[in-house]
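Engineer: A single structure is presented below for examination.
The values are calculated or read from the model by the stated rules, or taken from the named source; none is laboratory data. These numbers were taken from a predicted model, which means no experiment stands behind them. As a convention, Cβ positions derive from the backbone with ideal geometry for all residues, glycine included, and neighbour counts pool all protein chains shown.
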Amino acid sequence: MELNCKHVWAYISDYIDDSVPPELREEIERHLEHCEICSAILDSTRNILVLTGDDRTFELPVGYSERLHERLARELADETNAPTTG
């Protein structure tokens, strides 16, 4: 079975938690070797976990939440209109 990006994204959290079966872990790692997008998502997810696990609090820039939601909406709309890759 060859995984595409959407499959990898669905398992990112379980992959980080080391709770995927060994065969699936190998498939994900093979995919990550050649997919810069999924590798970046993995790194970003790990960074978010580190930041949210930190006891310190920090202020987000004004308008950050709105910009984030707009960007996510655009990305999701683009994803539904684009062919599957990876």
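Engineer: Do we find that Arg25 is loosely packed, with under 11 Cβ neighbours inside 10 Å and of a type in the set (D, E, K, R) in this structure? Can you show your working first?
Structural biologist: Working: loosely packed, with under 11 Cβ neighbours inside 10 Å: no; of a type in the set (D, E, K, R): yes.
Against the criterion (loosely packed, with under 11 Cβ neighbours inside 10 Å and of a type in the set (D, E, K, R)), Arg25 does not qualify.
Per-residue answers, yes or no, for (1) at pLDDT 90 or above; (2) surrounded by 10 or more Cβ atoms within 10 Å (Cβ to Cβ):
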position	(1), (2)
Glu36	yes, no
Ile48	no, yes
Phe58	no, no
Arg67	yes, yes
Ala77	no, yes
Gly86	no, yes
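Engineer: Follow-up question, since we're still on this one. Pairs only if they're at least six apart or on different chains, beta carbon under 6 angstrom, first in the range 44-55 and among the polar types (S, T, N, Q), second in a helix (DSSP H, G or I); list them, first residue then second.
Structural biologist: Thr45/Ile12
Engineer: Also, I was wondering about something else. Residues Glu2, Glu70: which one is free of Cβ contacts under 8 Å to residues at least 12 places away in the same chain and either out of contact with any Phe, Trp or Tyr (no Cβ under 6 Å at 6 or more places or on another chain) or assigned to a loop (DSSP other than H, G, I, E, B) (or both)? Give the derivation first.
Structural biologist: Details: Glu2 fails: free of Cβ contacts under 8 Å to residues at least 12 places away in the same chain.
The unique qualifying residue is Glu70.
Engineer: Give the residue, chosen from Ser13, Ser19, that is free of Cβ contacts under 8 Å to residues at least 60 places away in the same chain, outside any helix (DSSP H, G or I) and surrounded by fewer than 16 Cβ atoms within 10 Å (Cβ to Cβ).
Structural biologist: On the way: Ser13 fails: outside any helix (DSSP H, G or I).
Testing whether each residue is free of Cβ contacts under 8 Å to residues at least 60 places away in the same chain, outside any helix (DSSP H, G or I) and surrounded by fewer than 16 Cβ atoms within 10 Å (Cβ to Cβ) leaves just Ser19.
Engineer: If you don't mind, another one. Is it the case that the range 33-48 has a residue that's over 24 Å from Glu75 (Cα atoms) and in a loop (DSSP other than H, G, I, E, B)?
Structural biologist: Within the range 33-48, not a single residue is over 24 Å from Glu75 (Cα atoms) and in a loop (DSSP other than H, G, I, E, B).
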